[in-house]
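**Q** Here it is: the structure, laid out below.
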Amino acid sequence: MARRPRPQLVTLTDAAATRVQEIMSEKGAGYLRVGVKNGGCAGMEYVMDYVTAPEKFDEVVEDKGVKIVVDAKAVLFLLGSIVDYESTPLHEKFVFRNPNETDACGCGESVTIMPAEAS
């Protein structure tokens with residue numbers, strides 16, 4: 001039986017890639033680091049940072065010219081996620097579209113994420 005192809009760990013939309021490249025050039029960072037942390041009323045929050053180098057066990061992927069570092073502890077929570085950048089008259093923000101997300105709090109700051117099954 002053939003294995004199904006593994007989805008890319010994390011991808012960026014064109015808008016997110018453009019904005020990340022702008023910020024990285026301002027900060028002089030080489031990588032976008034993404035992960036999750038415990039917090040908020042729904043249990044977890046997404047975290048993003050700009051770093052000069054990955055840490056020892058981090059996963060590194062490249063998408064649309066951006067080097068993305070995924071915290072090793074967050075890999076199964078973020079597998080298949082798309083990071084987008086939204087700009088409206090009222091806000092500008094990065095948004096995660098995560099197939100592993102099962103719930104979110106009313107204010108949208110925290111989420112419930114079930115880890116993807118390792119296969």
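**Q** Carbon-plus-sulfur fraction of the accessible area of the chain, 1.4 Å probe, in percent?
**A** Carbon and sulfur together cover 51 percent of it.
**Q** While we're here: What does the accessible area of residue 59 come to, in Å² to the nearest 10, when a probe of 1.4 Å is used?
**A** Accessible area of residue 59: about 80 Å².
**Q** Quick one: net charge of residue 54's neighbours, Cβ under 13 Å, K/R +1, D/E -1?
**A** Net charge around residue 54: -3.
**Q** Assuming a ≥ b ≥ c are the square roots of the Cα gyration tensor eigenvalues, decide whether region 77-119 counts as rounded (a/c under 1.5), prolate (otherwise, with a/b larger than b/c) or oblate.
**A** oblate
**Q** Could I ask something else about it? When ligands, DNA and RNA are left out and all protein chains stay put, how many square angstrom of accessible area per residue does the chain have with a 1.4 Å probe?
**A** For the chain, the solvent-accessible area averages 62 Å² per residue.
**Q** Still on this structure, I have one more. With a 1.4 Å probe and every protein chain left in place, tell me how much accessible area residue 37 has, in Å² to the nearest 10.
**A** Its heavy atoms expose roughly 100 Å² to the probe.
**Q** Calculate the FRET efficiency for residue 87 and residue 59 from the Cβ-Cβ distance with a Förster distance of 30 Å, rounded to the nearest 0.05. Write out the running numbers ahead of the final one.
**A** Values: r = 28 Å, r/R0 = 0.95.
It comes out at approximately 0.60.
**Q** Write down the Å³ per residue value for the convex hull defined by the alpha carbon atoms of region 30-119.
**A** So the per-residue hull volume is 112 Å³.
**Q** Let me ask something additional. Separation between the residue 112 and residue 21 pseudo-spin-labels, each 7 Å from Cα along Cα→Cβ, expressed in nm?
**A** About 3.9 nm, to one decimal.
**Q** Compute, for region 56-119, the length of the dipole vector about the Cα centre, with Cβ point charges of +1 (Lys, Arg) and -1 (Asp, Glu) only. Units Debye, rounded to 20. Before the final figure, lay out the partial values.
**A** Details: 6 positive and 12 negative charges, 27 e Å.
Dipole magnitude for region 56-119 comes out near 120 debye.
**Q** Quick check on the chain: helices-only [θ] at 222 nm, where DSSP H runs of length 4 and up contribute -39,500 (n - 2.57) each and the sum goes over total residues. Nearest 500, please.
**A** Here the helix-only value at 222 nm equals -4500 deg cm²/dmol.
The values are calculated or read from the model by the stated rules, or taken from the named source; none is laboratory data. Remember, it's a predicted structure, so these values are computed and weren't measured experimentally. In this analysis, Cβ positions are derived from the backbone assuming ideal geometry, glycine residues included, and neighbour counts consider all displayed protein chains. When the accessible area is computed, the model is the full protein with side chains, heavy atoms only, and any ligands, DNA or RNA have been set aside. Shrake-Rupley method; radii C 1.70, N 1.55, O 1.52, S 1.80 Å.
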